[in-house]
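The values are calculated or read from the model by the stated rules, or taken from the named source; none is laboratory data. Being a predicted model, the structure only gives us computed values, none of them experimental. Neighbour counts run over all protein chains shown; Cβ positions are idealised from the backbone, glycine included. Heads up: the accessible areas ignore ligands, DNA and RNA and are worked out on the full protein's heavy atoms, side chains in. Shrake-Rupley method; radii C 1.70, N 1.55, O 1.52, S 1.80 Å.
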Amino acid sequence: MTRRTALAGALAATFPARNADEEEPGLREYAARAGLLYGAAAAWPVLRDDESYARAFAQECSILVPENVLKMGPVQPEPGAFRFEPADFMAEFCRRHDMRMRGHTLLWHQQAWPWLKTIADAQEARKRLEEHILTVAGRYRGSMHSWDVVNEAVHVPDGRQDGLRKTPFLELLGSDYVELAFRIAHDADPQAKLTYNDYGLDYDTPGQESKRQAVLRLLRHLKEREVPIHAFGMQAHLDWAEFRHFNPETLQRFFREIAELGLEIYITELDVSDRDLPDEIAQRDEAIAKVYHTYLTAALAERAVKAVLTWGLTDRYTWLATRRQRPSGTPVRVLPLDRDYRRKPAWQAIRDAFRTAPARDG
Ligand code: G3I
């Protein structure tokens, strides 16, 4: 069977954007009313193999981001050998269901090329990076809403004045590697909104404040150098227990400073860990929903925020199930839909935040 026939078979089902059984429209519709996109990270091969999962994406999302398959290692596991089947499937799924797609991510120190250590010097590193970005971003040229060009490049504890994380890319290419990646990405896909994406910026703590300042310095530096950067991605991996450190004014100040640089803002990886909550489901769901609502209400007050994506859609598939296990071992309840694709209070909280969000131009 050719690759094209295999894909066509798996894509045979096109799901309606609205489930006839559901009285309410999906989050995509509430988001659209406020001029926003709503979406989620999609797992491979789940999107291909689990029909309920695919249907939920079609109903709820107007934008999709592959959770892993476009990262450097998964997409180029050996030098010059690219694996595009999973992302091609997702791109076609988006086309069929009238959804946009985000790319994640062209340069990250995690899940990087497994053969990274074989790169001898700066010249080879530059050649490899050019080939990677031109091939990967070039393949989806014109169809991507946005690309996370560089992910998580700031890490203040590493002690550098510029705030950059010590990674093999920094070592091989020097501190201009961020700028380089954006310039290549712009050549590869001049229409995509090129995004810098990072985490650990949500709370009013000294550590997160110094990271916010370092990120702002990086963004300003890139703008001053006329680097083609169009957006900032706020990952927003939240945690119920840590949320006591949340201060809406701090978040809004940070977003305002980003917006003043002329950048759009996307909430790119929102989820809320329930690790420290009691087992009782109604109580847990209510507490998690409250975090979603409080955070999004504050975030959406800033009109530069144009898209909200959760890092997964259903509690059945979430990185938090293994990375933030509950001490009692009960399954996590951290995303808008439960394990059986039923809408939870977190879903209603996101809907309500979209309902009251000031409308933006789109
Ligand atoms: O690819 C192998 C697969 O071949 C093997 O069968 C399987 C067995 O465990 O492992 C697979 O790789 C795993 C991959 O997820 C796909 O499931 C990796 O070990 C695992 O480390 C990887 O975790 C991902 C993580 O990024 C990598 O650091 C998570 O799914 C993904 O949700 C997470 O996403 C990140 C964002 O990209 C950036 N921001 C933080 C966010 C959460 O950590």
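Some values worked out for this structure:
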read-out: Selection from 267, 241, 216 lying farthest towards where the dipole of segment 209-269 points positive, charges on Cβ; value: 216
read-out: Exposure ranking of 15, 255 by accessible area [1.4 Å probe, largest first]; value: 15, 255
read-out: Beta bridges per DSSP with both ends in the chain, % antiparallel, nearest 5; value: 10 percent
read-out: Residue 204 accessible area, 1.4 Å probe, all protein chains in place, Å² to nearest 10; value: 70 Å²
read-out: Nearest-20 debye value, segment 24-356 charge dipole, Cβ charges on Lys, Arg, Asp, Glu; value: 280 debye
read-out: Coordinate range along principal axes, alpha carbons of segment 106-203, Å, largest first; value: 39, 39, 21
read-out: Segment 154-220: relative contact order in percent, alpha carbon pairs under 8 Å with at least 6 residues between; value: 36 percent
read-out: Spacing of the two label points (7 Å from each Cα toward its C-beta) at residue 88 and residue 225, in nm; value: 3.5 nm
read-out: Net dipole in debye of segment 237-323 [+1 Lys, Arg Cβ; -1 Asp, Glu Cβ; about Cα centre; nearest 20]; value: 200 debye
read-out: Charge dipole (the chain, unit charges on Cβ, about Cα centre) - positive-most of 161, 289, 122; value: 122
read-out: Span per principal axis, largest first, for the Cα atoms of the chain (Å); value: 57, 57, 44
read-out: Neighbour-limited loop hits for GluC sites (Glu not before Pro), segment 265-353 (at most 16 other Cβ within 10 Å; DSSP other than H, G, I, E, B); value: 280
read-out: Fraction of accessible area attributable to carbon and sulfur, segment 24-356 (%, probe 1.4 Å); value: 46 percent
read-out: Fluctuation leader among 147, 311, 44 - the chain, Gaussian network, Cα springs under 10 angstrom; value: 44
read-out: Per residue value of the accessible surface for the chain (all protein chains in place, 1.4 Å probe), Å²; value: 42 Å²
read-out: Residue (of 52, 180, 330) at the positive-pole extreme of the chain, dipole from beta-carbon charges; value: 180
read-out: Average Cα contact separation per residue, the chain, under 8 Å, 6 or more apart, as relative contact order %; value: 16 percent
read-out: Computed label-point distance, nm, for sites residue 253 and residue 281 using a 7 Å Cα→Cβ extension; value: 4.2 nm
read-out: Longest to shortest principal axis, alpha-carbon extents of segment 59-154, angstrom; value: 47, 29, 20
read-out: Above-threshold pairs, the threshold being 27 Å between Cα atoms, out of 193/344; 127/223; 71/127; value: 193/344
